[in-house]
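To keep things clear, I will list the structure first and then write my remarks on it.
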Amino acid sequence: MKVYKEITPLTQNDVFVIINSEKIGFDYPIHYHSAYELTLVLNSSGNRIIGDCVDKYRSNDLVLIGPEIYHKWDDDDIPPEKRNNAHVITIQFSKDLFNQALFLKEYFFSIKGLLKDSQRAIKFTNETFEVIAKKIQNLVSIKGFDSVIEFLKILHLLSISQHKEYLAGEGFITIKEYEKGDRVNKMYNYILANFNDCNLRITDLAHESNMSPSAFGHFFKKCTNKSFTQFVVDLRLGHASKLLLDSNLSISEIAFISGFNNIANFNRLFKKNKLITPKQYRNDLMQTPNFNWKKQITTNQFVPL
């Protein structure tokens, strides 16, 4: 799959930039960039690719994406004569913005948590979508300091929302070192370091945590809302999805590298979780039409790798 790097319009003087695109459709490739991005899509439907999540969106969509995550929307589910009705508003801000001293205060803790979670991309729905969609459309016409206040209000409301879901798999995102110290982080770091070992067992973590396998299983599900087995499978599938897109390795090689002990089990679990086989997943994305980067609406916005 050919992925492009986007050169965003952000400068050192910007708190954020807002791009209001009306009636120009989705003429851009699968890409990534180093900024956070909040994307509101209105009056359109089609396919959305974010990380390893290839999904349909219907009519309206609101997603927060962390830095360096592959993404693309298209509008292939509507007739060609209506494709230019799409209204897309994109807010981009630097990955370093909330590292400033002011934003390390307690009032911004929930926003900091939101940005950490956005590494998996977050889709917002129901009441949150309705409220934030209106605020983003209003933000287009607000200037100066008032726009900064409204921008922070939007992030705060998103950070406390209960109407959200993660899109990219945990194994697809860049694995980062989590804070050490407590039992949960120690457990999580152990799994991140060993998920691609096909011999990883719940007894290994129970031993590391000085707990019985049964007690550890209950503790793990309470912390993650998933069973140990499903959590590990999700990590392995996310890792495998990234390799299917980023490498020329065979599917059987990817299965074993990702921690599956046989190709049949890998194919079965991949299809069960993603409703498509690994081969179809790779082929569908490889068939994405090539983007003519020499004919961009914004000159030099996308750079082929």
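Structure summary
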| read-out | value |
| --- | --- |
| Matching entry among Lys105, Lys112, Lys72 (being farther than 21 Å from Ile19 by Cβ and in contact with a Phe, Trp or Tyr (Cβ under 9 Å, 6 or more places away or on another chain)) | Lys112 |
| Extreme residue, nearest to Asp74 (Cα to Cα), among residues of segment 234-288 that are assigned to a helix (DSSP H, G or I) and of a type in the set (Phe, Trp, Tyr) | Tyr281 |
| Inter-residue pairs, beta-carbon under 8 Å, first free of Cβ contacts under 8 Å to residues at least 60 places away in the same chain and in segment 94-117, second of a type in the set (Gly, Ala, Ser), 6+ apart | Ser110/Ser159; Ile111/Ser159; Gly113/Ser159; Leu114/Ser159 |
| Pair list, Cβ < 8 Å and 6+ apart or interchain, from segment 138-150 residues that are over 10 Å from Ile18 (Cβ atoms) to residues that are in a helix (DSSP H, G or I) and of a type in the set (D, E, K, R) | Asn138/Glu150; Glu150/Lys135 |
| Residue in segment 205-224 that is closer than 29 Å to Lys56 by Cα, surrounded by fewer than 18 Cβ atoms within 10 Å (Cβ to Cβ), at pLDDT 95 or above and in contact with a helix residue (DSSP H, G or I) (Cβ under 6 Å, 6 or more places away or on another chain) present | no |
| Enumeration of residues in segment 180-204 that are farther than 17 Å from Leu235 by Cα, at pLDDT 85 or above and in a loop (DSSP other than H, G, I, E, B) | none |
| Residue match in segment 119-139 (condition: within 24 Å of the chain's Cα centre (by Cα), part of a loop (DSSP other than H, G, I, E, B) and on the phi < 0 side of the Ramachandran plot) | yes |
| Criterion (surrounded by fewer than 16 Cβ atoms within 10 Å (Cβ to Cβ) and basic (Lys, Arg)) met by exactly one of Lys105, Lys123 | Lys105 |
| Positions within segment 51-77 being surrounded by fewer than 17 Cβ atoms within 10 Å (Cβ to Cβ) and either of a type outside the set (S, T, N, Q) or at pLDDT 85 or above (or both), in sequence order | Asp55, Lys56, Arg58, Asn60, Glu68, Asp76, Asp77 |
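The values are calculated or read from the model by the stated rules, or taken from the named source; none is laboratory data. This one's a predicted model, so the numbers in the text were calculated from it and none came from an experiment. With ideal geometry, Cβ positions are generated from the backbone for all residues, glycine too; neighbour counts draw on all protein chains shown.
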